[in-house]
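Q: After the structure tokens below, expect a handful of questions from me.
The values are calculated or read from the model by the stated rules, or taken from the named source; none is laboratory data. A quick note: this is a predicted structure, and the numbers were derived from the prediction, not measured. Neighbour counts run over all protein chains shown; Cβ positions are idealised from the backbone, glycine included. These area figures cover heavy atoms from the full protein model, side chains too; ligands, DNA and RNA do not enter into them. Shrake-Rupley method; radii C 1.70, N 1.55, O 1.52, S 1.80 Å.
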Amino acid sequence: MRKKTPKLAIIPTNTLKDNNMAASPEAKFTEEKILWVKHHTPKLITFAISRPESYRFKAGQFSRLGFYEGEGFIWRAYSIVSAEYADTLEYFAVLIQDGPMSARFAKMQQGDTILLDKNATGFLLPERFPDGKDLVMLCTGSGIAPFLSILEQPEIRQRFDTVNLIHSVSFPEELIFNDRLAALTEHPLVGEYGHSFRFVPVTTRAANPSGLSGKRIPELLKNNSIEQALHTKFTPESTRFMICGNPEMVKDTFQTLLDMGYAMHRNRIPGQIMMENGF
């Protein structure tokens, strides 16, 4: 980021070879099976892998996934879409032209092997907020992934009076989770909290009759469009923001919220904002 901002945990965005893991790989990762792969658009895919019985994570965290490459490995971090209690691990990926991991994902099929780092990590965790009534999750692209996991946690729904999701993409066909979000009203564990969940889809390069369009999330915050769409009023006393998406969006949205009077949340200094870069 060009402007210095408070220290935060971010999802690594570069693909890397981890030669340190070669010394004792069995202590670092497990080999898992691809259970299914779904191509939603030429660039957007979701997939699920087998989950080891010992694998633990908190909604909002990410895994490191990898493949063997020659004598080394190729690794990248992906936020977990699955609920904490799910039997499998689901992920959402945006395929990047000439990206090494994207090339692997594009060819990936059911039954293939993938590597899973044994430890999930990340601090985009709503339970870190000590108070607040309204949770507002702002995301672009695959930044929706950790929020999909959070939405299936009953304790989060119990904790906040309202849980609000704003997902911004370029075109309507990229809003691939609309049906999944609508189905939450029938979810056996969180369906009873359906009245408290509000979803606002945003498209920046095409009209969107079911949500907002034409502007990025920072602009929609500045002109109060998001508040109006949610039929609420944001205040430092009651509103807690979580941001996940491309680095420019995260930086600009964070600065917008600072200008509006909100502060970064720290363990020793409670605030109203948590954020994480993601793709």
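Q: Return the total of residues in segment 61-93 being acidic (Asp, Glu) and at pLDDT 95 or above.
A: First, pick out the residues of segment 61-93 that are acidic (Asp, Glu): 69, 71, 84, 87, 90.
Checking the rest, the ones that are also at pLDDT 95 or above come to 84, 87, 90.
Residues that pass the stated criteria total 3.
Q: Which members of segment 79-116 meet the condition of being open to solvent by 20 Å² or more (accessible area, probe 1.4 Å) and in contact with a Ser or Thr (Cβ under 8 Å, 6 or more places away or on another chain)?
A: Glu84, Thr88, Glu90, Val94, Leu95, Ile96, Pro100
Q: Return the residue satisfying two criteria in turn: it lies in segment 251-279 and is in contact (Cβ under 8 Å) with a residue 60 or more places away in the chain and in a helix (DSSP H, G or I), and of such residues it is nearest to Pro209 (Cα to Cα).
A: Thr253
Q: Would you confirm whether any residue within segment 106-123 is out of contact with any Phe, Trp or Tyr (no Cβ under 8 Å at 6 or more places or on another chain) and closer than 30 Å to Glu237 by Cα?
A: Yes.
Q: Note down all Cβ pairs under 8 Å where the first residue falls in segment 99-113 and is within 16 Å of His39 (Cα to Cα), the second is open to solvent by 10 Å² or more (accessible area, probe 1.4 Å) and at pLDDT below 95, and they're at least six residues apart or on different chains.
A: Met101/Thr15; Ser102/Ile96
Q: Identify the residue in segment 235-279 that is in contact with a Gly (Cβ under 9 Å, 6 or more places away or on another chain), open to solvent by less than 60 Å² (accessible area, probe 1.4 Å) and charged (D, E, K, R) and, among all such residues, is nearest to Leu124 (Cα to Cα).
A: Selected residue: Glu276.
Q: Could we say that Glu248 is among the charged types (D, E, K, R) and in contact with a Cys (Cβ under 8 Å, 6 or more places away or on another chain) here? Walk me through how you get there before you give the answer.
A: Working: among the charged types (D, E, K, R): yes; in contact with a Cys (Cβ under 8 Å, 6 or more places away or on another chain): no.
So Glu248 does not fit the description; no.
Q: Then there's this: I'm trying to understand the selection: among the residues of segment 81-111, which are in contact with a helix residue (DSSP H, G or I) (Cβ under 9 Å, 6 or more places away or on another chain) and among the charged types (D, E, K, R)?
A: Glu84, Glu90
Q: What strands (runs of 3 or more DSSP E), lying completely within segment 51-122, carry at least 1 residues that are within 20 Å of Phe177 (Cβ to Cβ)? Steps first, please.
A: Details: elements: 62-69, 72-79, 88-94, 113-117.
By residue number, 62-69, 72-79, 88-94.
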